[in-house]
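The values are calculated or read from the model by the stated rules, or taken from the named source; none is laboratory data. Note that this is a predicted model, so its numbers are computed, not measured. Reconstructed Cβ throughout: ideal geometry from the backbone, glycine too, with neighbour counts over all protein chains shown. For the accessible areas, the whole protein counts, side chains as well, though only heavy atoms, and no ligand, DNA or RNA atoms are used. Shrake-Rupley method; radii C 1.70, N 1.55, O 1.52, S 1.80 Å.
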Amino acid sequence: MSEQARSHNAQMVLNRLAKKLNRQVVGSLVACVHCGNCTDSCHYVLANPDDPTYAPAYKADRLRMLFKRHHDWTGRIFPWWVKAKSIYTDAELVELKDIAFGKCTNCRRCSLNCPMGVDFATFNRLARGLLVSVGIMPEGVAVVSKDQWELGNQMGVLKEDYVDTVEWMSEELVEDMKDDKAAISIDRAGAKIMYTINPREAKYDPRTISDAAKIFYAAGEDYTMPSEGWDMTNFGLFSGDDDLGGTVASRVYEKARELGVKKVVISECGHGYRSTRCEGPNWAGTDIDFEMESSVDTMLRYIREGKIKVDKSKNPERVTFHDSCNNARSCGLTEEPRELLKLVCGDFQEMYPNRAENFCCTGGGGAMSMSEYTPQRLKSATVKADQLKATGAKVVVTSCHNCVDGLADCIKHYKLDMEVTQLVNLVANALVFDEPASAPAAAEADVPAVAGVLAGRKIVVIDDEPDVCVFLSTVFEDNGAEVFSANDGDGGLALVRQHKPDLVTLDLSMPGKDGGKVFADLRNEEAIAGTKVCIVTGKPELRKLIYERPVREPEGYLNKPVDAEKLLLNARKILELK
Ligand code: SF4
Ligand code: SF4
């Protein structure tokens, strides 16, 4: 019987499959006895109990049938007997893509519950890699991979923007601490530690950079941040592209060697930690001659060694902890974050199940970048939402930037009254510094003494909270600015059109026209499009929505509560005033 014609892509996938098989993958491909033990481990199954196509064993069989048809002797001789089947068309590859990327977050919870040791997530990653090699992947995966290949980080942050953000955080910290030694050095050769971050921190959440820097400063640490090789995340883990994985990991390793550091500290990110510390050396084919450590371990060590002092009463609200799949299941980082939490929080409530049995945030495996699968991702998040609700906590802590986004989406979709934060924020907030010998006597002493620094500048303040409006206006007026204020979006826009200010401070959450729409109008209306904008908001989770708009980013972004010193520092920076 003649073989059906096969597309070029299908043939390439088969060729590559043959090269990628190793003992670990083959072991998982042959060991399944279809007992069904793994079925209820999967959050997709629990959210879709009537749809058998979400079962891990069903999904695994889509790749397994290929393996059997081409690499297993029973499948080669009696394909009908062992359900072996080859692949012929691009349409079949697209079907495989919708399973490998759209119905699994590679969370490995099913792997943990398989009595035969089948690690589906490992060969699901292999399937992703095969598809990526012929260009069949979700568009978001292509975009993010391209950014990481070409710009060195997965969020397309330009080097100058990253350096600018670090310098900005550094300036703020020096002002806060009133100590030049608090400055963040960049590319300082010979430092003991190189601190690497997730690009989400530079783009959406720079307070995590300044909080980490504050902790390093408090500990008297000898650290630096690199100008290259600073992105410790690695989309190769999600896309299955080992070449990308090796290239990205090598950038971090090469920079660490160039600077001659003894240790690389990896900020809180599950897949970044797994990729950089565990998988990266294999992908990159290199030996590592320095230590690598999660910042969770670093912070815990500082407290244990008495290098920093913390006061847990500064974080009194009830918090719960979400274990990232990569940290907990793949790297065993389960007890350290709990020990740290109990040292810096007054009320810790465990989530169930937890540790290696925890459910995925549902944004893992790169799912947040695959918008075509968002509805099924959010449907599966009902499992996570139930877990979160049962804790009664108002704050969920996680040691992973990817989980921050996954959880925030889940919280928003299921309308939970919760916010997400990370250990670094809680530790920084709990820090206790010894009283300086000559502390400033009054709060006014905190305001930089640059009299009339805003003289001749016009500023429009838009905020629905009258007391915030008064506070911001007073600080600006006391420093010489002419200020106009409005308590709603339309009123604020009218003031901007009328006065053509140098700067607008804009609240995001307002009744009527919200700040996001006002911001879009400010950018899109030709006559006022050049206006500089500083967002001042009590909702840090809205940052992403603002920065993802297809318009120029705001020139500044401050989270409430904001003090006079920080407000002025930002205004001066935005207006390029000394
Ligand atoms: S638990 Fe293991 S052996 Fe059983 S169906 Fe799942 S993968 Fe197969
Ligand atoms: S790895 Fe996670 S998401 Fe994928 S099938 Fe297993 S339990 Fe489900």
Using a cut-off of under 14 Å, list every residue of segment 552-573 whose amide N is near the label point 7 Å from the Cα of E465 along the Cα-to-beta-carbon line.
558-564
Lone Cys, the chain, Cβ cut-off 4.7 Å -> C32, C35, C42, C104, C114, C269, C278, C331, C345, C410, C469, C534
Using only the heavy atoms of the protein chains and a 1.4 Å probe, how would K513, K59, K578 rank by accessible area, largest first?
K578, K513, K59
Distance in nm between pseudo-label sites at D289 and K307 (7 Å out along the Cβ direction from Cα)
2.4 nm
To the nearest 0.05, what FRET efficiency results for E228 and K539 with a Förster distance of 35 Å applied to their C-beta separation?
0.55
Which value, in Å² and to the nearest 10, is the accessible area of E548 when all protein chains are kept and the probe is 1.4 Å?
100 Å²
Degrees, to the nearest 10: 207-219 long Cα axis against longest axis of the chain
80 degrees
Determine the order of F476, F78 by accessible area, beginning with the largest, at a probe radius of 1.4 Å.
F78, F476
Which whole-number value in Å² is the accessible area per residue of segment 355-403, probe 1.4 Å?
30 Å²
So which GluC sites (Glu not before Pro) in segment 303-348 end up in coil per DSSP with only 16 or fewer other C-beta atoms within 10 Å?
E305, E317
Please give the contour-minus-distance gain from K263 to K379: 0.36 nm per residue of separation, less the Cα-Cα distance, rounded to one decimal in nm.
37.6 nm
Can you classify segment 259-368 as rounded, prolate or oblate using the Cα gyration tensor, where a ≥ b ≥ c are the square roots of its eigenvalues, rounded means a/c under 1.5, and otherwise it's prolate if a/b beats b/c and oblate if not?
oblate
Cα gyration tensor shape of the chain, rounded if a/c is under 1.5, else prolate or oblate by comparing a/b with b/c
prolate
Protection-proxy order for peptides 124-133, 350-359, each taking the mean of Cβ atoms within 10 Å per residue, highest first:
124-133, 350-359
Segment 177-193 versus segment 305-364: alpha-carbon centroid distance in Å
28 Å
Points 7 angstrom from Cα along the Cβ direction at A183 and H499: gap in nanometres?
3.6 nm
Calculate how steeply helix 295-304 sits against the longest principal axis of the alpha-carbon atoms of the chain, using the helix alpha-carbon long axis, and give the answer as 0 to 90 degrees to the nearest 10.
60 degrees
Restricting to lysines and to Cα separations under 26 Å from K97, and discarding same-chain partners fewer than 8 apart, the set is K19, K20, K59, K68, K83, K85, K146, K379, K384
At R0 = 30 Å, how high is the FRET efficiency between D98 and L158 if r is their beta carbon distance? Nearest 0.05 is fine.
0.35
Extension gain (nm, one decimal) between N429 and E167, 0.36 nm per residue minus Cα-Cα
92.2 nm
For E336, E95, E576, give the ranking by accessible area with the largest first, probe 1.4 Å.
E576, E95, E336
Once both label points are put 7 Å beyond Cα along the C-beta direction, the E548-A356 separation in nm becomes 3.4 nm
Want the number for L46 to N524: 0.36 nm per residue separation, take away the alpha-carbon distance, what's left?
167.6 nm
Ignoring ligands and nucleic acids, what accessible area does C469 show with a 1.4 Å probe (Å², nearest 10)?
10 Å²
Cα-based helix-to-principal-axis angle, 139-151 vs the chain, degrees rounded to 10
60 degrees
Here FRET efficiency (C-beta to C-beta, K578 to T474, R₀ 22 Å, nearest 0.05) is 0.45
List the aspartates and glutamates whose Cα lies under 13 Å from the Cα of K181, skipping any in the same chain that are fewer than 8 positions away.
E171, E172, E221, D222
So, by mean Cβ neighbours within 10 angstrom, what's the order for 281-288, 39-46, 155-162 with the highest one leading?
39-46, 155-162, 281-288
Packing-based order for 174-185, 141-152, using average beta carbon neighbours within 10 Å, highest first
141-152, 174-185
Taking a straight Cα-to-Cα line shorter than 22 Å from K178, and setting aside same-chain lysines fewer than 8 residues away, one finds K214, K307, K309, K314, K560, K566, K573, K578
